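Pasting in a structure now, in structure tokens, and then I'll have a few things to ask.
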Amino acid sequence: MSTLDIRAILEHLPHRYPFLLVDRVIELEPGKRIVALKNVTINEPHFVGHFTHVPVMPGVLIVEALAQAAGILSFQTMGRRSDERSVYYFVGIDGARFKRPVGPGDQLRLEVEITRTVRSIWKYRGVASVDGQLAAEAELMCTLRSLGDDEPAPG
């Protein structure tokens, strides 16, 4: 089981501020599971308008954080790193449920396990929690696609 700091995370994900939503990986078993952390702060841009009287992290960003953790797990499992000629895409989200608001000062614990891999489609079960309380859960599907010569590299 291994851990990753922010420098290693930046090598595995193409995301950057303000869209990088994983701060640290505390457990990683390639081919099986990952546990990562997202420190939620008031400085994040979505809190300006969501909501002004009670800042709440949007549920879609919690699911995105789970997907980013899944991406790190997949890259580690494949022995690859993110590069400019490929993109790791979401292809499905099933059964997303939100159980607890997440706000500034919370530490989001992201637990993702691979449930199935078929061809280039990876399926995961993700759970996000704060202080042992379930915040969100979802089944995710993602795929790694190579960009063709006619497609521009992202960026």
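Go through segment 77-93 residue by residue and tally those that are surrounded by fewer than 17 Cβ atoms within 10 Å (Cβ to Cβ) and within 12 Å of the chain's Cα centre (by Cα).
2
Whether any residue in segment 107-122 is in contact (Cβ under 8 Å) with a residue 24 or more places away in the chain and either of a type in the set (Ser, Thr, Tyr) or exposed (fewer than 12 other Cβ atoms within 10 Å of the Cβ) (or both) is what I want to check.
yes
So if I check each of 96, 69, 128, 65, which one is surrounded by fewer than 18 Cβ atoms within 10 Å (Cβ to Cβ), modelled with pLDDT of 95 or more, in contact with a strand residue (DSSP E or B) (Cβ under 6 Å, 6 or more places away or on another chain) and under 26 Å from residue 40 (Cα atoms)?
Checking each option against the conditions leaves just 96.
In addition: Output the residues belonging to segment 28-43 that are of a type outside the set (S, T, N, Q) and either under 14 Å from the mean Cα position of the chain (by Cα) or crowded, with 17+ Cβ neighbours inside 10 Å (or both).
Listed by number, the residues that qualify are 28, 33, 34, 35, 36, 37, 38, 40.
Suppose the filter is in contact (Cβ under 8 Å) with a residue 12 or more places away in the chain, surrounded by 20 or more Cβ atoms within 10 Å (Cβ to Cβ), among the hydroxyl-bearing types (Ser, Thr, Tyr) and under 18 Å from residue 114 (Cα atoms); does residue 74 pass it?
Yes, satisfied.
Right, another one. Which pairs turn up if I take residues in segment 37-52 that are over 21 Å from residue 9 (Cα atoms) and look for partners that are aliphatic (A, V, I, L, M) and in a helix (DSSP H, G or I) with beta carbon separation below 7 Å, at least 6 apart in sequence or on another chain?
That search, which allows pairs on different chains as well, returns 46/61.
If you scan segment 99-119, which residues turn out to be over 21 Å from residue 44 (Cβ atoms), in contact with a Lys or Arg (Cβ under 6 Å, 6 or more places away or on another chain) and not basic (Lys, Arg)?
Scanning segment 99-119 gives 113, 115.
The values are calculated or read from the model by the stated rules, or taken from the named source; none is laboratory data. Everything numeric here is computed off the predicted structure, so don't read it as measured data. Neighbour counts run over all protein chains shown; Cβ positions are idealised from the backbone, glycine included.
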